[in-house]
Amino acid sequence: TMGSAAQAMAGERPHRAGLRRGSAPPANGAPAFTEAVLREALATRQITAHFQPRHCARTGVLHGAELQPGWYRPDDTWLPAADFLPAIAQAGLHEALVQRMLECAFELLGYMHKDHGLRLGVRVPASVAASVSWAQGVAEQAERAGIAAEQLVLEIAEDGGARCNEVLAGAGAHLRLRGFHCAIDRFGQ
């Protein structure tokens with residue numbers, strides 16, 4: 001089940017009793033988080049996935065989950081994505097964050113029974129997904145992990161204006177041909 005797989009993943013991290021909601025550093029003109037701090041948080045797996053369940057509204061059946069980044073800091077505090085995503089964008093680390101979320105998705109799917117029928121969604125900024133080579137890299141990563149492409153939904157979110165549209169079509173077509181599900185998020189809001 002998704003629950004037992006998530007517990008297995010959590011077993012790799014030391015349990016932190018008393019984990020509390022942290023706060024982003026105050027905005028005093030200095031950057032809230034430096035690129036080096038963010039890179040270290042990604043590399044040391046402090047930034048990891050929270051799983052937001054997706055249920056059918058009519059039946060209540062669990063269909064999967066969307067992965068949301070969260071930051072478990074060494075001081076036993078936790079930051080939601082909204083507190084550090086602007087710094088990720090400013091540091092140009094969207095691709096590294098997407099890679100980290102894909103690693104989490106493949107890890108969870110690897111723990112789960114092969115016939116579970118659940119899909120995990122990973123949000124990908126259009127500027128990251130804007131190449132066929134990136135799409136091919138995701139397909140190869142899933143193959144190496146032994147994960148069926150249809151278990152993953154790549155939710156492509158607008159972040160680069162019209163300049164991304166042409167290349168996104170090629171990347172999206174490549175992903176669909178490889179068996180991935182794609183969703184478009186926030187285009188033309």
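The values are calculated or read from the model by the stated rules, or taken from the named source; none is laboratory data. Since the structure is predicted, the reported quantities are computational estimates derived from the model, not experimental observations. When we count neighbours, we look across all protein chains shown, and the Cβ atoms used for this are built from the backbone with ideal geometry, even at glycine. Calculation scope for accessible area: heavy atoms of the full protein, side chains included, ligands and nucleic acids excluded. Shrake-Rupley method; radii C 1.70, N 1.55, O 1.52, S 1.80 Å.
Some notes on this structure:
- Cα centroid of region 50-91 to Cα centroid of region 167-182, whole Å: 24 Å
- In this calculation the C-beta distance from Thr34 to Glu103 is compared with R0 = 30 Å, giving a FRET efficiency of 0.85.
- Exposure ranking of Val37, Val98 by accessible area [1.4 Å probe, largest first]: Val37, Val98
- Between the amide H of Val153 and those of Leu120, Gly121, Val122, distances stay under 5 Å, these residues lying 5 or more places away or on another chain, with hydrogens modeled in the peptide plane.
- Residues with amide H under 5 Å from that of Asp185, placed H, sequence gap 5 or more: Ile156, Ala157, Glu158
- Computed magnitude of the charge dipole of region 80-135 (debye, nearest 20; Cβ of K, R +1, Cβ of D, E -1): 120 debye
- Residues whose placed amide H lies under 5 Å from that of Gly64, excluding near-sequence neighbours: Arg54, Arg119
- Karplus-derived 3J(HN,Hα), 6.51/-1.76/1.60, for each residue of region 74-89, Hz, glycine and proline x: x, 8, 6, 10, 10, 10, x, 3, 4, 6, 10, 4, x, 5, 4, 5
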